[in-house]
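Asks: What follows is a structure written as structure tokens; I'll ask about it next.
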Amino acid sequence: MIFFFFIFQGILGDCYYLGALSVVSTHQTMLFDLFPDIDADLVVQNNSVAGTPTGEQQANAEGLYAVRFWREGQWRIVIVDDLIPCNSSGRPCFAQLPEHGCEIWVLIAEKAFAKLNGSYESIVAGQENEALADITGGLPQDYKLRGIDADSDLSETVLWNKLIAHSDANEINLVCASTFQDGNEKAKNEDDQIGSGTPSIGKGMECNRNNCGIMSGHAYGIVDLKEIRFNEQVLKMIKIRNPWGKGEEWNGAFCDSDVNRWNQIDQTIQTEMGFCNDDDGAWWMTFYDFYKHYDVVNVCRILRQPHWTGHHATGEWFGDLLPGGQTSYRNSQYQLMVHEDSTVFINVGRPSSRARNEKYMFGIGPLVEYCSGPAPARCGKRMYDVGLTKHRQAAKLEVDRECCVEIQVKKSDRPYLIVCAFVFGLYCCCYYNYCFPHNVVWDVCVIVFDRV
């Protein structure tokens, strides 16, 4: 069996990725998808582990394994061996083996992710929602609780309702949480993101925030949400896991050692919650305390058939032929015909900058407008009046790898226009006029999901 408490971080600052793995591991079918099935003639009889699906990869004498990741609108298979970097004591340097057992799937998944991005060094620090998207093929979103670009209308109650809504039976949503480095509420580029501190290098960029056990500049997995009765009131509770596995844990209300409060909760409820007083990096806390101490909630939306249909398109920009600014009409355009009222997710992405060890210098995102005028004159033709506020349905820009918006669309015989918008810099106007370098090709991937 696979459990999230098999995941332990080593000296590599990739807690965002291991935190994402710990969340995915709570959905075992999805985790098995990370390791694609092998052909029937490669299956060694009587060598399968009980409970694993037919065709699942097995331990093999060659020490070769395939790991599947989603990048730029397509699945990519990464082949790695089981030669793992070790220290002078013969223990793995990076992701660790469990204290009891020899589960190596985390080490293999980490090595494959490093190969996908060019090196182990390239996967230091990042965003959990992008790691979740790489693992599952979902759409990354985030809720910013603090910082200069915080969501101003995101109260504690609103956030709880959103997270509960993400448990919709028609989709699977994977959720993580992060804290900014103390004194830095603007971690935006993959180079200076969450999780560059490690448990074995002292604290790295991370420190114990307010001595409560929550680390700044660190990524955590959200494992569960519950409502329980306590002292004649309903408490909203959330279960968190630190990918370090051991060590720093929450020490406030309802921490593992808070005997006074836990003794007031029925043993049956404790069993349902999976509560145990162990040094395993996992704990329960009230949602009030969670909202107080965490800065970003990362969500990965897993939208799959039969409830959702997806459409993928790829394109390119060629140097200064497609700048931003007043010439946004020359950016790539896609038209969406809507035959019935629906919810639509639109995601604009670009290749990861990790392998090149570069920062993202400009923002990207979807600009969605409703085409006015006669439908026959608009369908399939480039629009030149892009950016008119009166036609705009949504607009969002992020200096990240991907940017996603969710909108409600109405049935119409006129198309909705999706423009891949650009802006140079972080907090600039949407139509800042910036010309891209000559003779440079910029790839783009547009993904649209609509509810069936």
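The values are calculated or read from the model by the stated rules, or taken from the named source; none is laboratory data. Keep in mind the model is a prediction, meaning the values are calculated, not measured. Neighbour counts run over all protein chains shown; Cβ positions are idealised from the backbone, glycine included.
Asks: Among the numbered criteria (1) in a loop (DSSP other than H, G, I, E, B); (2) in contact (Cβ under 8 Å) with a residue 24 or more places away in the chain, which one does TYR288 miss?
Replies: (1)
Asks: Oh, and also: Taking region 213-255 only, how many residues are out of contact with any helix residue (DSSP H, G or I) (no Cβ under 7 Å at 6 or more places or on another chain), of a type in the set (Lys, Arg) and at pLDDT 90 or above?
Replies: Count: 2.
Asks: Hey, among ILE265, ILE238, which residue is over 28 Å from the mean Cα position of the chain (by Cα), at negative phi and among the aliphatic types (A, V, I, L, M)?
Replies: Exactly one residue qualifies, and that residue is ILE265.
Asks: While we're here: Quick check on region 109-131: of everything there that is out of contact with any helix residue (DSSP H, G or I) (no Cβ under 8 Å at 6 or more places or on another chain), of a type in the set (Gly, Ala, Ser) and farther than 19 Å from ASP33 by Cβ, which residue is surrounded by the most Cβ atoms within 10 Å (Cβ to Cβ)?
Replies: GLY118
Asks: While we're here: Quick check, is PHE275 assigned to a loop (DSSP other than H, G, I, E, B), touching a Lys or Arg at 6+ places or on another chain (Cβ under 7 Å) and of a type outside the set (Asp, Glu)?
Replies: no
Asks: Here's something else I'd like to know. Only one of GLN270, GLN264 is assigned to a helix (DSSP H, G or I), surrounded by fewer than 22 Cβ atoms within 10 Å (Cβ to Cβ) and modelled with pLDDT of 85 or more; which?
Replies: Answer to the check: GLN270.
Asks: A further question follows. Quick check on region 64-86. Is at least one of its residues at pLDDT below 90 and of a type in the set (Gly, Ala, Ser)?
Replies: yes
Asks: I would also like to ask the following. List pairs: first residue in region 356-369 and acidic (Asp, Glu), second residue modelled with pLDDT under 80 anywhere in the structure, Cβ distance under 6 angstrom, at least six positions apart or on different chains.
Replies: GLU369/HIS391; GLU369/ARG392
Asks: Here are HIS293, HIS311: which of them is surrounded by fewer than 17 Cβ atoms within 10 Å (Cβ to Cβ) and under 23 Å from GLU130 (Cβ atoms)?
Replies: HIS311
Asks: Being at pLDDT 95 or above and surrounded by 16 or more Cβ atoms within 10 Å (Cβ to Cβ) is the requirement here; does PHE275 meet it?
Replies: No.
Asks: Residues SER352, SER372: which one is at pLDDT 75 or above and either outside the structural domain of ASP151 (by TED's automatic domain parsing) or in a strand (DSSP E or B) (or both)?
Replies: Every option except SER352 fails the conditions.
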